[in-house]
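Structure, as C-alpha cells:
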Amino acid sequence: MTLTARILTNQPSDEAAWDRFVTSSDDGTVFHLLAWRRVVHEVFRHAPHYLLATDGQDIQGVLPLFEVRGILTGRVLVSTPYSVYGGLCTASPDAARVLIAEARALATRRRARYVELRHYGRAHEDLPTKPLYSTFVRALDPDPEVNFNAVPRKQRRMIRQGEKHGLVARQGWEFLPEFYEIFLVSRRHLGSPPFPLRLFESIRDHFGKHAELLTIWHQDRPVAGVISLFHGDRVMPYYGAALPSAFSMAANDFMYWEVMREACLAGYRQFDFGRSREGSGSFDFKRHWGFAPQPLAYQYLLGDRVEIPNFNPSNPKLQLFIRGWKRLPISVSRRLGPPLTQWLPLD
C-alpha cells in the first residue's frame, strides 16, 4: 500500500497502536511514548503535533513534535522538548521520507522557523546536522558484582568512599519534596533555571512504575537524588542532583551505582547515562565510568535564511546569563526559574 502521513487522533485504539509501535522499534525511546506528550503538554502547555506514517491500518513510522515558542528561538517545532532523544522512529526509509515531508508542511502551516529532530536512531544524510552531543549506553549483567568490576578502578574507589561516609539510598516518591530542594540548589550551581515541581509530579503520575525516585541520605539528611525512567530493558537516570557539600562524599558516584545495582537486580539489561556535550564535566564523568560516547545526530528542517540554532551552554552569548544565575539567591531562583523554563531555549 501507499504510505500516507496523518496526525494522531485521541482515540484509545490509535494511542495504543502508537505506543506498541514505539515499544517494538529499535529507534523508540521513553520520550516517544505518549506519556511524555501528556507530561509536556500538562506542565509546559506546548501544543503537540504527533505524526504517523501508515500503510492502511499498520503504522510504519512516528514522529512526535511539539510547537514551542521560545524567547530566543521564536516559534519552532521540536522532537522532543525537555528530552535528549526524539526524532524519527520508523520501520523503513520510505516512512522516514513521508514523515519528513509532512513535518515540512506542518512547519509551513504553523509558520515555524525550523524543525529540530533529536534522533536516537538513524540520521538522514540530506538534512543539516549538529554533531554536538553524545550519549552513553552500556549493557548490564544480571550480577551486580560483574557490573561493579566493569567500573574503572578510580570510580570504584569513589563508590566505596560514599559507602565509608555512611551514605544510604532510599526509594520512594514520598521524598519528592526533599529531592526538589536539592534540585533547586543543584540547578543554581550549574547556572540553569530549575524546572517546576509539577514536572516531577506529572512524571510520577503519568509514568507510574516506569519512573522511580531514589534519594541519597547522610545522617538522616538528604544530600542527592535522581529520577530514573524505564523503557523496555533500559534504565535511564535522568534528573540527577546533589548538594555541592556532598561532592566530597562522592554522593553522585554512590547514587548512580545504586541505580545500576538495583536496575540489574530488577532485570534491566541496559544502562543509559543520557547525553552530554563534549568538553563538559558530565561528558568526562561518564567516560570515567567506562562508558564510550556514541555521537547523536540532531538534525534540522530549516526555513529560509535560518541557520542551525546554537542555544546551549557552549554558546558565549549565554555565558553572561549562566554566570548571573549562579549568583541568585535560592528564593529568587525558585520563583523565577520554573516560569522561564517554558520559554527559554530547550537545547
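Where in the range 252-310 are there GluC sites (Glu not before Pro) that are in a DSSP coil and have at most 14 other Cβ atoms within 10 angstrom of their Cβ? Could you put the intermediate results ahead of the total?
On the way: sites: 258, 262, 278, 307; in loops: 278, 307.
Passing both the DSSP loop test and the Cβ count: 278, 307.
Among 192, 92, the order by Cβ neighbours within 10 angstrom, fewest to most, reads 92, 192.
Distance between the pseudo-spin-label points of residue 327 and residue 6 (7 Å out from Cα toward the beta carbon): 5.7 nm. With respect to the chain, whose longest principal axis is taken over its alpha-carbon atoms, helix 34-44 is tilted by about 80°.
On alpha-carbon atoms, Rg over Rh for the range 222-323 using Kirkwood Rh?
Numbers: Rg = 16.9 Å, Rh = 16.2 Å.
Dividing the radius of gyration by the Kirkwood radius yields 1.04.
Take the chain, connect every pair of alpha-carbon atoms lying under 10 Å apart with a spring to form a Gaussian network, then pick out the residue of 35, 150, 250 with the largest mean-square fluctuation. Sorting by GNM fluctuation, first place goes to 150. Normalising the average separation of contacting C-alpha pairs (under 8 angstrom, six or more residues apart) by the number of residues puts the relative contact order of the range 29-113 at 26 percent. Against the longest principal axis of the chain, how steep is helix 251-265, in degrees 0 to 90 to the nearest 10, with axes from Cα atoms? Orientation of helix 251-265: about 70 degrees from the principal axis. The relative contact order of the range 80-162 comes to 26 percent, based on Cα pairs under 8 Å that sit 6 or more residues apart.
In straight-distance terms, cross-link reach from residue 326 covers every one of the aspartates and glutamates whose alpha-carbon lies under 20 Å from its own, apart from those fewer than eight places away in the same chain; here that gives 181, 347. Summarising the label geometry, the points placed 7 Å from Cα in the beta-carbon direction at residue 310 and residue 75 lie 2.7 nm from one another. The aspartates and glutamates whose alpha-carbon is closer than 20 Å to the alpha-carbon of residue 154, local same-chain residues fewer than 8 away aside, are 145, 163, 253, 258, 284. Once you've got the GNM for the chain with C-alpha springs shorter than 10 Å, pick whichever of 129, 215, 29 has the biggest mean-square fluctuation. Its mean-square fluctuation being the largest, the pick is 129.
Annotation for the range 257-345: trypsin sites (Lys or Arg not before Pro) lying in DSSP loop with at most 16 further Cβ atoms inside 10 Å of their Cβ are 269, 305, 327.
Only helical runs count toward this figure. For the chain, summing -39,500 (n - 2.57) over DSSP H runs of n ≥ 4 and dividing by all residues gives -12000 deg cm²/dmol at 222 nm. Principal axis extents of the C-alpha atoms in the chain (largest first, rounded to whole Å): 62, 45, 35. Between the beta carbons of residue 265 and residue 38, assuming R0 = 30 Å, the FRET efficiency works out to 0.50 to the nearest 0.05. What separates the Cα centres of the range 265-309 and the range 126-150 is a distance of 9 Å. Across the chain, the relative contact order, built from alpha-carbon pairs under 8 Å that are at least six residues apart, equals 22 percent. Between 51, 106, 328, the residue with the greatest mean-square fluctuation in the GNM of the chain (Cα pairs under 10 Å linked by springs) is 328.
With a Förster radius of 56 Å applied to the C-beta separation of residue 13 and residue 287, the computed FRET efficiency comes to 0.80. Normalising by residue count, the range 57-204 has a Cα convex hull of 222 Å³ per residue. Computed from Cα positions, the angle between helix 330-340 and the longest principal axis of the chain comes to roughly 10 degrees.
For a Förster distance of 41 Å, can you work out the FRET efficiency between the beta-carbons of residue 101 and residue 204, rounded to the nearest 0.05?
0.65
Find, among the trypsin sites (Lys or Arg not before Pro) in the range 1-87, those assigned to loop by DSSP (not H, G, I, E, B) with at most 15 other beta-carbon atoms within 10 angstrom. Could the numbers behind the result be given before it?
Numbers: sites: 6, 20, 37, 38, 45, 69, 75; in loops: 45.
Counting only loop positions with at most 15 other Cβ atoms within 10 Å, the trypsin sites (Lys or Arg not before Pro) in the range 1-87 are 45.
We did not get these values from a lab; they are worked out from the coordinates using the rules stated. These numbers come from a predicted model, not from an experiment. So basically every Cβ, Gly included, is an ideal-geometry build from the backbone, and we count neighbours across all protein chains shown.
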